[in-house]
1. For ALA51 and VAL128, compute 0.36 nm times the residue count separating them, minus their Cα-Cα distance, and round to one decimal in nm.
2. Using modelled amide H (1.01 Å from N, peptide plane; none on Pro or chain starts), what sits under 5 Å from the amide H of PHE89, excluding residues fewer than 5 places away?
3. What GluC sites (Glu not before Pro) does the range 1-59 have in DSSP loop regions with at most 12 other beta carbons within 10 Å?
4. For a Förster distance of 25 Å, can you work out the FRET efficiency between the beta-carbons of ASN25 and THR92, rounded to the nearest 0.05?
5. Only loop residues by DSSP count here, and only those with at most 10 other Cβ atoms within 10 Å; note down the GluC sites (Glu not before Pro) in the range 62-137 that meet that.
6. How high is the FRET efficiency from ARG119 to ASN14, r the C-beta distance, R0 45 Å, rounded to 0.05?
7. Once a ≥ b ≥ c are taken as the square roots of the eigenvalues of the Cα gyration tensor of the range 1-67, is the result rounded (a/c under 1.5), prolate (a/b larger than b/c) or oblate (a/b not larger than b/c)?
8. If r is the Cβ-Cβ distance from GLU32 to LEU104 and R0 is 25 Å, what FRET efficiency results, to the nearest 0.05?
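Only the coordinates and a few stated rules stand behind these numbers; no lab work does. Just so it is clear, the structure is predicted and the values come from calculations on it, not from any experiment. Glycine gets a Cβ as well: all are built from the backbone with ideal geometry, and neighbour counts include every protein chain shown.
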Amino acid sequence: MTVLKIAAFSDGENGGNPAGVVIANQLPADPEMQRIAADVGFSETAFAAPAGSGWRVRYFSPESEVPFCGHATIALGAALALKNGDGVFQLTLNEAEITVEGRLDGRVVSAALQSPPTRSKGAPAPLVSDALALIRIHLGSTRLEDSTCHCSWRCRPSDSGTSNPPGTGGDDVRSGRRTNSDEA
């Protein structure tokens, strides 16, 4: 099984955020994906297999499966363009369906992803109290009390459409640079 190592968000041959990418006829078993991700050693490795008219995609860090990873999706879009030509590829994740677009222009590969829809909900009072306690500890302030929360703060947990922490993923066009490939 071939593991591509692609740097998303790179500028040509410079910089970027590396991710592993495995495109297979079928997804390996969970323990195998976990082993491969640990061997690759990057923050995430994307695994993709054909499913209907699109791709079934799962993401693994060296320690566990994660529901979504923006830079690994960009890397996957670049890999799909290298393998299948330019296109918009339908991706089915564990918790969402999105698309990634991959384009090849000479030696430059670019990709753009559609993030899962964002969502938020009201924060329960204990979570707000705990968050304010952390701020008090960080700032060394005892004057910040739950009752001083300005109503415009609207403490609301949010995410990018998966159970990942806020701030992962995004709608952006970036280049993907193939850095290496290994046999798993």
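1. Working: separation 77, 0.36 × 77 = 27.72 nm, distance 4.18 nm.
Result: 23.5 nm gained on full extension.
2. Those lying under 5 Å, H to H, from PHE89 are VAL100, GLU101, GLY102.
3. Numbers: sites: GLU13, GLU32, GLU44; in loops: GLU13, GLU44.
Passing sites in the range 1-59 are GLU13.
4. After rounding, the FRET efficiency stands at 0.95.
5. Numbers: sites: GLU63, GLU65, GLU95, GLU97, GLU101; in loops: GLU63, GLU95.
Here the GluC sites (Glu not before Pro) that fit, given the DSSP loop and packing criteria, are GLU63.
6. E between ARG119 and ASN14, to the nearest 0.05, is 0.80.
7. oblate
8. Details: r = 29 Å, r/R0 = 1.18.
For GLU32 and LEU104, the calculated efficiency is 0.25.
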